[in-house]
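Down below is the structure, laid out as structure tokens.
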Amino acid sequence: MKPSLYGMTRDQLKDWIIEQGEKAFRADQIWDWLYTKRVQSFEEMTNLSKPLLAMLSEQFVLNPLSQRIVQESADGTVKYLFELPDGMLIETVLMRQHYGLSVCVTTQVGCNIGCTFCASGLIKKQRDLNAGEIVSQIMLVQKYFDERGQGERVSHVVVMGIGEPFDNYSNVLNFLRTINDDKGLAIGARHITVSTSGLAHKIREFANEGIQVNLAVSLHAPNNDLRSSIMKINRAFPLEKLFAAIDYYIKTTNRRVTFEYIMLNEVNDGVEQAKELANLLKDIKKLSYVNLIPYNPVTEHDQYSRSPRERVMAFYDTLKKQGVNCVIRQEHGTDIDAACGQLRSNTMKKDATKVAAVNL
Ligand code: SAH
Ligand code: SF4
């Protein structure tokens, strides 16, 4: 199977071009066709020589994904079902925010972390996506808007779809460098957020990359006992290790960290737990935010339910009183199951025909 041209960063493309005996500036021309003009075929790259075009199409494909289903929700959220070259299916979500168009990308087919509240973790990882397959998700969403002709641009990206991005580190890094490249899509690093379940050693590595992308950590519990019972990754990376890595990240990058906290009724949403959380964050209060996330019910995880509003407010007020920066996250696309954590790679294949029949 040929790799996608979207899978190379600009530096890698330059190296490839030079290896072919071409001048380095050809890489910039190709980059411009790919990400500024956003052509859909090699033939449209009209300033390249015939032999170079032949070499490109011999060795690469452009977009390796095919679009199977697009569902648009009442609030403007769009969910895309894409097929990978080996027939596996993934989902990508576009959310309309007041600040622009934000895309949630998938990084793996399935997820090995297996958090007890998550639909994506219900199926073991089938494979990592390569960088080209992750970049292509953005390119296809951008194409959808290019075709509408209103000049709308994907301005924000969250790496919060199916998969654990730090379990597919180098592909995710190449993806980030490509979409952030100022000669291409130029999606600002501060407009990109990577969410991890807490692979501490990778948080340290990420701190050293010199990339100004936002980091979000899925915390979901204020102590080891509770966190280990809902996220088994906490047994490998308990809070002491996790917070040592987060401190390192903050010191190295001078950037704030976001903590995601799903509100699970009567599990992690009590006032005592809010106090415990504030205590856990006491040394980094000014350097962190807490995002309180409404739980999206997952049929297979019926031990959990959504916290009622009063409990969410009491939790929020307690954090605020303790000086913790905190917001309650708004939901998007719940009518089409498009919320993060609601994406599921396993059932998509059998569901695809059903969904298509209902929605198209
Ligand atoms: N694997 C990474 C990123 C993908 S999950 C991570 O875990 O951080 C993105 C976010 O969705 C995480 O914060 C995750 O905890 C959350 N999530 C998972 N299942 C959810 C559910 N059922 N309801 C709400 N959020 C959920
Ligand atoms: Fe994987 Fe994240 Fe879901 Fe946990 S919450 S199973 S890490 S996708």
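The values are calculated or read from the model by the stated rules, or taken from the named source; none is laboratory data. Being a predicted model, the structure only gives us computed values, none of them experimental. Every residue, glycine as well, gets a Cβ built from its backbone with ideal geometry; the counts of neighbours run over all protein chains shown. Just the protein is used for accessible areas: all its heavy atoms, side chains included, with ligands, DNA and RNA removed. Shrake-Rupley method; radii C 1.70, N 1.55, O 1.52, S 1.80 Å.
Structural remarks
- Filter result (part of a loop (DSSP other than H, G, I, E, B) and more than 9 Å from ligand 1 (Cβ to nearest atom)) within the range 107-144: Gly110, Asn112, Gly114, Thr116, Ile123, Lys124, Lys125, Gln126, Leu129, Asn130
- The strands (runs of 3 or more DSSP E) found wholly in the range 146-219 and carrying at least 2 residues that are free of Cβ contacts under 8 Å to residues at least 40 places away in the same chain and within 12 Å of ligand 2 (Cβ to nearest atom) occupy 192-196.
- Total residues in the range 2-59, condition in a loop (DSSP other than H, G, I, E, B) and under 25 Å from the mean Cα position of the chain (by Cα): 9
- Annotation: Ser120 fulfils all but one of (1) assigned by TED's automatic domain parsing to the domain that holds Tyr304; (2) among the small types (Gly, Ala, Ser); (3) over 23 Å from Tyr169 (Cα atoms); the unmet one is (3).
- Taking the range 222-310 and the helices (runs of 4 or more DSSP H) fully enclosed by it, the elements with 3 or more residues that are away from ligand 2 (no atom under 15 Å from the Cβ) and over 23 Å from Met160 (Cβ atoms) are at 239-253, 271-280.
- Across the range 228-279, the number of residues qualifying as touching a Lys or Arg at 6+ places or on another chain (Cβ under 6 Å) and either buried (at least 18 other Cβ atoms within 10 Å of the Cβ) or aliphatic (A, V, I, L, M) (or both) comes to 3.
- Among the candidates Leu13, Leu48, Leu84, residue that is open to solvent by less than 70 Å² (accessible area, probe 1.4 Å), more than 19 Å from Gly184 (Cα to Cα) and either of a type outside the set (Gly, Ala, Ser) or at pLDDT 95 or above (or both): Leu84
- Subset of the range 61-97 [assigned to a strand (DSSP E or B) and of a type in the set (Val, Ile, Thr)]: Val61, Ile69, Val70, Val78, Ile90, Thr92, Val93
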